[in-house]
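The values are calculated or read from the model by the stated rules, or taken from the named source; none is laboratory data. On a predicted model such as this, the values are computed, not experimentally measured, just so you know. Every residue, glycine among them, receives a Cβ derived from its backbone with ideal geometry; neighbour counts consider all protein chains shown.
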Amino acid sequence: MSSNSNRMANPFELILESRMGGIVINFILIPLLILSALLLPPISLADRLLSFGYDSIGRDGGAIQDPDGTQITFPSEGVNRSFRVKLTAVPRSLFLEGAANSSLLAAAENIPPNLVMKSPYYRLQIKGRSPEEVVLKVPIPNESEPYATLDLYSWNGQAWEWLPGQKVLAEDTFESNLDFAPESIVAMQTQAVNPNISADYEISSPFPEDLRDTLREVNPEGVYLDVGGRLVGNLEQVPAEVMEGPFLVIPTIRNWFNDGSIRSDLVDNMLIDSAAREQNIQAIVGLLAQTGATGIDIDYRGINPNLSREFTAYLEQLRQALPPQTQLSVRVEEPLQVSADTWETGAYDWRAIGRIANVVKVPALPDPRAYAQGGQ
C-alpha cells in the first residue's frame, strides 16, 4: 500500500522539483497569490486606485466641501451603507465652451434657452449605494440678481431638472434638502418663457374654433379608471380636426365624473395591487398606440394620503413604460395650508412627481389676494 502511494507521489514530486515546476511556482503561482492578496479585502488595491480623490462617508454620515464654500452634507438618517463621494467644480467658462470634459458636452449643449448659467458646474460622483437624504449649501454667485429668478438645476444625463430649495440671503447661499443625490448642481438665472395654455375638451361638444390658434394643448375627456386598473370609455368621438390640429392632444384619464362623484377606491385598490397597476399601465400604453396621442394626462383625485409612496412608484412605473418622447402630465389636488409656510399635499409628493412627469398641473389658489405682493 505504501509503495503504491510512493509511486503515485513520485511523479508529482518530480514535477515540483523539475525546472518547469520551479518556473510555474515562481512566475505564476506566487505572483497570482500576491495579486489576489492585493485585490481582495482588506487591501482592495483596485478599489483604492479607482477611488482616488474620493472621500469616504460612513453610516454616521458626513460632508464634503469645495474651496468656494459649496457644501454637501449626508445626514446619518439617509446613509444605509458607507460609500465614496467626489465633488468637482468645473469653471463656468470651460463648461460652456465644452472644453472641460467630453462627457459634459451634452449638458452644455442642452441648456434650455430660458436658463443662464451663473455658477460653476458642480459634479457629484458616488461609488456605492447612493444616500437617501442630501443637504446642499451653495453660495449665491456674484452678479446673479435678481435673486427672485435664481434657481438650482441639475443635469441628470438626459435633461436639466429643477432642484427645490430656498435662498438664505443673510448668508448669501442656497439651501436644498433632497431625498436623492443629484449628479450635478448649477445655479441658473431663469428668464421668462412664453406661456402654454391647455384646455379640457368634452368630446361630445363642438370644438371652439376661436381657440384653435391659442391653445398649446388639448385634453380630451372620456376615458375613466375602472375596476382592476382597466380603462373604460374611448376617444373615438374626438373630431379629426382636433386630432390633427396645431396643438398637442393629451387625453385625460380620470377617476371622477362631472356630477362630482369621485371613485377614490378604484385608485387606492389599484395602487396596492401590482397586477392591477400593470393592467392599468398597459391599457394606457395601448390607448396611446390606438389614438396616436402624444402623451397622457393623469387626473386621479381623492387618493388615500397614506398611499403617497405607492402613487409615486406607480408614476415611475408608468413613465418607464411609456414610449420615448411621450409627455406625462399629472394633476395634483389643492394643498391644505397648515401654517404660514407649511402645506400638506396629501398623496401627491410634488417634488417626486416633478422629477417624473413632464408637466405637473397645480390648481390655482381661489383667493385673488394670494397673488398680490406678500401674498401666498
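Observations, loosely collected:
- Counting residues in the stretch 282-303 that are without any contact (Cβ under 8 Å) to a residue 40 or more places away in the chain, within 30 Å of Pro239 (Cα to Cα) and among the small types (Gly, Ala, Ser) gives one or more.
- Picking from residues in the stretch 289-318 that are among the β-branched types (Val, Ile, Thr) and at pLDDT below 95, the one that is nearest to Val223 (Cα to Cα) is Thr291.
- Listed by first and then second residue, the pairs linking a residue in the stretch 56-83 that is crowded, with 18+ Cβ neighbours inside 10 Å to a residue that is among the acidic types (Asp, Glu) and in a loop (DSSP other than H, G, I, E, B), with Cβ atoms under 7 Å apart and 6 or more places separating them unless they lie on different chains, are Gly78/Glu132; Gly78/Glu133.
- Residues located in the stretch 204-232, provided they are of a type in the set (D, E, K, R), exposed (fewer than 10 other Cβ atoms within 10 Å of the Cβ) and in contact (Cβ under 8 Å) with a residue 24 or more places away in the chain: Asp213
- Residue pairs whose Cβ atoms lie under 6 Å apart, sitting 6 or more positions apart in sequence or on different chains, and linking a residue in the stretch 338-354 that is in contact (Cβ under 8 Å) with a residue 60 or more places away in the chain and closer than 20 Å to Leu307 by Cβ to a partner that is among the β-branched types (Val, Ile, Thr) and part of a helix (DSSP H, G or I), are Ala352/Thr312.
- Here Leu235 meets each of (1) without any contact (Cβ under 8 Å) to a residue 40 or more places away in the chain; (2) surrounded by 13 or more Cβ atoms within 10 Å (Cβ to Cβ); (3) in a loop (DSSP other than H, G, I, E, B) with one exception, condition (1).
- Of the numbered criteria (1) in contact with a strand residue (DSSP E or B) (Cβ under 8 Å, 6 or more places away or on another chain); (2) crowded, with 18+ Cβ neighbours inside 10 Å; (3) not in a strand (DSSP E or B), the one Asp268 fails is (1).
- The lone exception for Arg212 - which of (1) over 25 Å from Leu315 (Cα atoms); (2) basic (Lys, Arg); (3) in contact with a Phe, Trp or Tyr (Cβ under 7 Å, 6 or more places away or on another chain) it fails: (3)
- Unmet criterion (only one of (1) out of contact with any helix residue (DSSP H, G or I) (no Cβ under 8 Å at 6 or more places or on another chain); (2) of a type in the set (A, V, I, L, M); (3) not in a helix (DSSP H, G or I)) for Leu328: (1)
- Residues in the stretch 238-261 that are surrounded by 15 or more Cβ atoms within 10 Å (Cβ to Cβ) and more than 30 Å from the chain's Cα centre (by Cα): Val238, Val242, Gly245.
- Exclusive hit being at pLDDT below 95, out of contact with any His (no Cβ under 9 Å at 6 or more places or on another chain) and not aliphatic (A, V, I, L, M), set Ser130, Ser119, Ser154: Ser130
- Any pair with Cβ under 8 angstrom, 6 or more apart, that starts in the stretch 360-376 at a residue that is at pLDDT 80 or above and ends at one that is of a type in the set (A, V, I, L, M): Val360/Val330; Val360/Val332; Val360/Ile353; Lys361/Val330; Lys361/Val332; Val362/Val332; Pro363/Val332
- Screening the stretch 331-357 for residues that are aromatic (Phe, Trp, Tyr) and outside any loop (DSSP other than H, G, I, E, B) and picking the one that is farthest from the chain's Cα centre (by Cα) gives Trp343.
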